[in-house]
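One structure is given below, encoded as structure tokens.
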Amino acid sequence: MNTIMRNSVLGIAGLAFAGGVAAGPMTDTTHTPSVDTTAVAVAAVQADKPDMGKLVPHGVQGAQSHIDLSDEQVDNVKAIIAATKKAGMDERAAVVSIATALQESKLENLGHLGDRNDHDSQGLFQQRPSSGWGTVEQITDPEYSTMAFLKGLKQVDGWQDMPLTEAAQTVQVSAYPDHYAQWEQMAADLVAEHWNS
């Protein structure tokens, strides 16, 4: 009987011990450590934004211009970014493209402007059908015109290492080669804002 009683007592003690271990130690549930969710959210947003050092690797040149954009212009920014990604090019290529379109059309997909037209230039990049950029329908399509610009940019040896205005001018062959530089900061800000949106 002593052996049975001793085994029973040890069994009950073992169950109590095992139950305590499984349940874990008693904790004070009135104090829970807090997590700064604001800092976590800010860090997540910052991780989604491209590095400004990569967007503007040479720093901006000269005075910078800025305009307020309409919804249509923002849509054109997003179309340029989407086409840049589709072409397999990076954020810097998007900055060059957007700065170029800001100079050429203020990001408006311009059709033929009559007497105000520069020859037969049209679209975001003011490309000319007579110069082989494509048909009017093609060059007034934001994706097509961006891909055409990027195709030209890819053919510029070392464009990644050039100042923006030099890279843009090599593709565009503008009468005003230095005018692209004034849009670099705005273009970089737009790429930072919309690259991952």
query: Efficiency by 1/(1 + (r/R0)^6): what FRET value for V156 and E108, r their Cβ-Cβ distance, R0 = 25 Å, to the nearest 0.05?
result: 0.50
Residues listed by number, region 137-151, amide nitrogen under 15 Å from K78 label point at 7 Å toward C-beta: 142-143
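Tell me the Kirkwood radius of region 110-197: reciprocal of the mean inverse pair distance over distinct alpha-carbon atoms, in Å. Working shown, then result.
Details: mean 1/r = 0.0711 Å⁻¹.
Evaluated over region 110-197, this radius sits at 14.1 Å.
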task: Report ³J(HN,Hα) in whole Hz for each residue of region 69-76, in order, from the Karplus equation J = 6.51 cos²θ - 1.76 cosθ + 1.60 where θ = phi - 60°; Gly and Pro get x.
output: 9, 7, 4, 5, 5, 5, 4, 5
task: Starting at the first residue of region 49-65, write each ³J(HN,Hα) from the Karplus equation 6.51 cos²θ - 1.76 cosθ + 1.60 with θ = phi - 60°, in whole Hz, x for Gly and Pro.
output: 8, x, 6, 4, x, 7, 6, 10, x, 9, x, 7, 10, x, 5, 9, 9
message: Give me a comma-separated list of calculated 3J(HN,Hα) values for region 134-151, in order, Karplus coefficients 6.51, -1.76, 1.60 applied at θ = phi - 60°, integers in Hz, x for any Gly or Pro.
response: x, 6, 4, 4, 5, 6, 9, 9, x, 5, 4, 5, 5, 4, 5, 4, 5, 4
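If you add up the charges near D178, with Lys and Arg at +1 and Asp and Glu at -1, over every other residue whose beta carbon is less than 15 angstrom from its beta carbon, what do you get?
On the way: positive: none; negative: E104, E166, E184.
The answer is -3.
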field: Residues whose placed amide H lies under 5 Å from that of E108, excluding near-sequence neighbours
entry: none
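Bear in mind that the values in this text are calculations on the coordinates, not laboratory data. Nothing here was measured: the structure is a model prediction, and the numbers come from that model. For neighbour counting, all protein chains shown are included, and Cβ atoms are generated from backbone atoms with ideal geometry for every residue, glycine included.
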